[in-house]
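Notes for the one structure printed next.
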Amino acid sequence: AAPSIFDAAEGGAAPSVATRPRACSMPGRHGGAVPGWEHRVQCSRVRDHFIFSVESTGILPPEELFCEAAKVLMQKAADLAQLLKDAVLGQGGGADE
């Protein structure tokens, strides 16, 4: 049997919450799994919610590796934002100048 991904809401009035979404192997199909439940079950995503894992070879612990990677990503985003700002203002400053 597939593991349950939902915790039932108390009293049945509030919607149940998917507390174990990674256990779901059929996203978007829960409402259609039981005839007549299409209007009772709504599967949706949280746009800014991401689940991922970080693996390390052992030189850095995963927590530190993630923080360093986030710093690099933020610097690259800042560099891109500056390039776009310069391009919009017509200041150039690109790699071919």
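The values are calculated or read from the model by the stated rules, or taken from the named source; none is laboratory data. Bear in mind the structure is a predicted one, so any value in this text is a computation, not a measurement. Cβ coordinates were reconstructed from backbone atoms using ideal geometry, including for glycine residues, and neighbour counts include every protein chain displayed.
Scanning segment 38-86 for residues that are exposed (fewer than 10 other Cβ atoms within 10 Å of the Cβ) and in contact with a Leu (Cβ under 9 Å, 6 or more places away or on another chain), which turns out modelled with the highest pLDDT? Among them, the one singled out is I59. Residues in segment 18-37 include at least one that is surrounded by 11 or more Cβ atoms within 10 Å (Cβ to Cβ), modelled with pLDDT under 70, part of a loop (DSSP other than H, G, I, E, B) and charged (D, E, K, R).
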